[in-house]
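Input: a single structure, listed below in structure tokens.
The values are calculated or read from the model by the stated rules, or taken from the named source; none is laboratory data. Please read these numbers as outputs of a predicted model, since none were measured by experiment. Cβ: placed from backbone, ideal geometry, glycine included. Neighbour counts: every protein chain shown. When the accessible area is computed, the model is the full protein with side chains, heavy atoms only, and any ligands, DNA or RNA have been set aside. Shrake-Rupley method; radii C 1.70, N 1.55, O 1.52, S 1.80 Å.
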Amino acid sequence: ANQAFATPEARLAELATPEGSVLVRAAVLPDGTGFLLADALPPLDERIYQLWGATGSHVVSLGTIGDDPTVVPFPADATVTQLMITEEDAPAERPTGEPVVAGFLA
């Protein structure tokens, strides 16, 4: 994960709360391999975090990341421009609530 963040070609994002606090950093390599540094997310009791990728208004699940994530690998299509994390009761096909954190890849 650290190498991904140091790769000049990687697209990076800071995922922040609606209030502006950055809790997660992401790096996506040109081959679509991504990594989250998510240890600042608070642990959940009965729910899980789920990662979403967006291209415009099209949102797809990039996978669940558990209830207490730290370093998380994930796949991301080259067209994904935004990452979001929601709290879910179980893996979902669509987000069921507002993102806990979100950010744009640059």
message = It is to be established whether one or more residues within the range 49-62 are over 21 Å from THR33 (Cβ atoms), of a type in the set (S, T, N, Q) and buried (at least 19 other Cβ atoms within 10 Å of the Cβ).
response = no
message = Just the residues that are surrounded by 17 or more Cβ atoms within 10 Å (Cβ to Cβ) and either touching a residue at least 24 places away in the same chain (Cβ under 8 Å) or closer than 12 Å to LEU62 by Cα (or both), please, taken from the range 23-37.
response = LEU23, VAL24, ALA26, ALA27, VAL28, GLY34, PHE35, LEU36, LEU37
remark   = Flagged in the range 33-58 as at pLDDT 95 or above, out of contact with any helix residue (DSSP H, G or I) (no Cβ under 9 Å at 6 or more places or on another chain) and among the small types (Gly, Ala, Ser), in numbering order, are ALA38, ALA40, GLY53, ALA54
query = Which residues, taken from the range 68-102, are open to solvent by 50 Å² or more (accessible area, probe 1.4 Å) and in contact with a Pro (Cβ under 6 Å, 6 or more places away or on another chain)?
reply = ASP68
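From the list GLU9, GLU14, GLU19, which residue is over 19 Å from THR96 (Cα atoms) and assigned to a strand (DSSP E or B)? Let's see the steps before the verdict.
Details: GLU9 fails: assigned to a strand (DSSP E or B); GLU19 fails: assigned to a strand (DSSP E or B).
Checking each option against the conditions leaves just GLU14.
Which of the residues that make up the range 78-94 are in a loop (DSSP other than H, G, I, E, B) and under 19 Å from LEU36 (Cα atoms)? First the steps, then the outcome.
We begin by selecting, within the range 78-94, every residue in a loop (DSSP other than H, G, I, E, B); these are 78-81, 89-94.
Matches in the range 78-94: ALA78, THR79, VAL80, THR81, PRO91.
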